[in-house]
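Asker: Below you will find the structure I want to go over with you.
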Amino acid sequence: MTTTTVAARQPPRRSLGGLPRMIALRLLTIPLVLWALATLVFVALRLLPGSPATSLAGGGSTDQSAAQLTANAAEISANLGLDKSLPQQYLIYLRDLVTGDFGSSYFGGNDVLGLIGNALPATIELTVAAMLIAVVLGGVTGLWAALRKDTWVDTTTRAAATVTFSLPWFALGVLGIVVFGVWLGWLPVIGRVPNQLSYQPLTNFVLVDAMLQDRPELIWPWIQHLILPASTLALSTAGFITRIVRASVLEVLGDDFVRTAQMKGLDENQVVRRHVLRNASLPIITVLGLQFGTLLGGSTVTETVFSYPGVGVLLVDAVLQRDYPVVQGAALAIALLFTLVNAAVDILYLVLDPRLGES
């Protein structure tokens, strides 16, 4: 009976022949998701009040008459192609996307791909750092709470997880700035690296550039600037991960094969490592993939609070200016990163449990 229970719990060794087809299906959904998001962003931008042509026509000047402003705006709209009908603009937009032409910023004329290439590494650094903090903090506290179920450790951990999960990012960010930046003065609260450091990026990943340029003096100041925004993002996510890990581990701890392993004389650490974590990992992996996307969305708020020069700040500034090409390009960059991570999680899920790939 015990052998049957254990065998039923463990994923059987099956042929992975169905995996390539399932992986291909996951990858084929990526262009569809990007197309849907591109369409939504295109429509939403043009539904917003205000026009980039009007902003460019005014140029901050108050000396122009209403007639002059209208005439200038009409001329700029024609130059930018905004005088065409929405279907025409949409078809042109899709054609440019297919050919890899993301256009140039209406304000400054900078190439959109260049702007995204400069900003995206900072967002990736911030999101990965936040994810690492959240996984370590949430995983350890969730496992600890599950192994100490119904004790003061469990109660305190769940209460702390609920509080951190409920707090919005901007509130955590402002609190961190006030406490650690202003009152204690332990950490910098603005930017990515100190202004006094001469940093000429190659890849714009600070850690990579520090190694390529043999500049170890960049690493610690960069980490100091990263701690507050990454921790702000991580705390809320860590609370959610704590609850998921606790629930998953408790579910596995109640299974027969775990009790059998305990009766065989294995100590708690061996049971947790060999049996509990392995079988509790699948739902946790799924949650981590979704939370990575949540962190990408939260990075927009966090970057704005800390003036962290990532895609989030670029996106917010572009929305305020109605800089259509930059908004569309930045939104697609975030969406692409999100869909790639989730596709990787789906594929990993299929590899860990081949039964899911069976038709």
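The values are calculated or read from the model by the stated rules, or taken from the named source; none is laboratory data. Treat the numbers as computed from the prediction; the structure is a model and nothing was measured. Every residue, glycine as well, gets a Cβ built from its backbone with ideal geometry; the counts of neighbours run over all protein chains shown. What goes into the accessible areas is simple: the full protein's heavy atoms, side chains included, and nothing from ligands, DNA or RNA. Shrake-Rupley method; radii C 1.70, N 1.55, O 1.52, S 1.80 Å.
Asker: How would Arg26, Arg215 line up by accessible area, probe 1.4 Å, largest first? Please report the intermediate quantities before stating the final value.
Answerer: Numbers: Arg26 70, Arg215 50 Å².
Final ranking, largest accessible area leading: Arg26, Arg215.
Asker: Can you give the charge dipole size of segment 100-207 about its Cα centre, rounded to the nearest 20 debye, using +1 on the beta carbon of Lys and Arg and -1 on the beta carbon of Asp and Glu?
Answerer: The calculation lands at about 360 debye.
Asker: Additional query: For Thr156, Thr339, what's the largest-to-smallest order of accessible area, 1.4 Å probe?
Answerer: The most accessible residue leads, giving Thr156, Thr339.
Asker: OK, next. Just to make sure I understand: if all protein chains stay in place, what is the order of Leu290, Leu228, Leu167, Leu202 by accessible area at 1.4 Å, largest first?
Answerer: Values: Leu290 90, Leu228 10, Leu167 70, Leu202 120 Å².
Ranked from most to least accessible, the order is Leu202, Leu290, Leu167, Leu228.
Asker: Does segment 106-352 come out rounded, prolate or oblate by the C-alpha gyration tensor, with a ≥ b ≥ c the root eigenvalues, rounded set by a/c under 1.5 and, if not, prolate when a/b is larger than b/c and oblate if not? Don't jump to the answer; show the numbers that get you there.
Answerer: Values: a/c = 2.16, a/b = 1.84, b/c = 1.17.
Prolate is the answer for segment 106-352, as a/c is 1.5 or above and a/b outweighs b/c.
Asker: Nearest 0.05, what FRET efficiency do Asp111 and Trp183 give at R0 = 30 Å with Cβ-Cβ as r?
Answerer: 0.10
Asker: In square angstrom, rounded to the nearest 10, how much accessible surface does Phe170 have for a 1.4 Å probe?
Answerer: About 120 Å², ignoring ligands and nucleic acids.
Asker: Of the heavy-atom accessible surface of segment 106-352 (probe 1.4 angstrom), what whole percent is carbon and sulfur?
Answerer: That share works out to 68 percent.
Asker: I've got another one for you. Determine the per residue accessible area of segment 106-352 with all protein chains present and a 1.4 angstrom probe, expressed in square angstrom.
Answerer: Computed with neighbouring chains in place, this is 47 Å² per residue.
Asker: I need to check one value: relative contact order of segment 106-352, counting alpha carbon pairs closer than 8 Å and at least 6 residues apart, in percent.
Answerer: Values: 288 pairs, mean separation 76.9, N = 247.
Answer for segment 106-352 is 31 percent.
Asker: What is the local net charge at Leu233, summed over the other residues whose Cβ is closer than 13 Å to its Cβ (Lys, Arg +1; Asp, Glu -1)? Can you show the working numbers first?
Answerer: Working: positive: none; negative: Glu125, Glu303.
Result for the neighbourhood of Leu233: -2.
Asker: Which one, Leu113, Ala160, Ala230, projects farthest toward the positive side of the charge dipole computed for segment 106-352 from Cβ point charges (K/R +1, D/E -1)?
Answerer: Ala160
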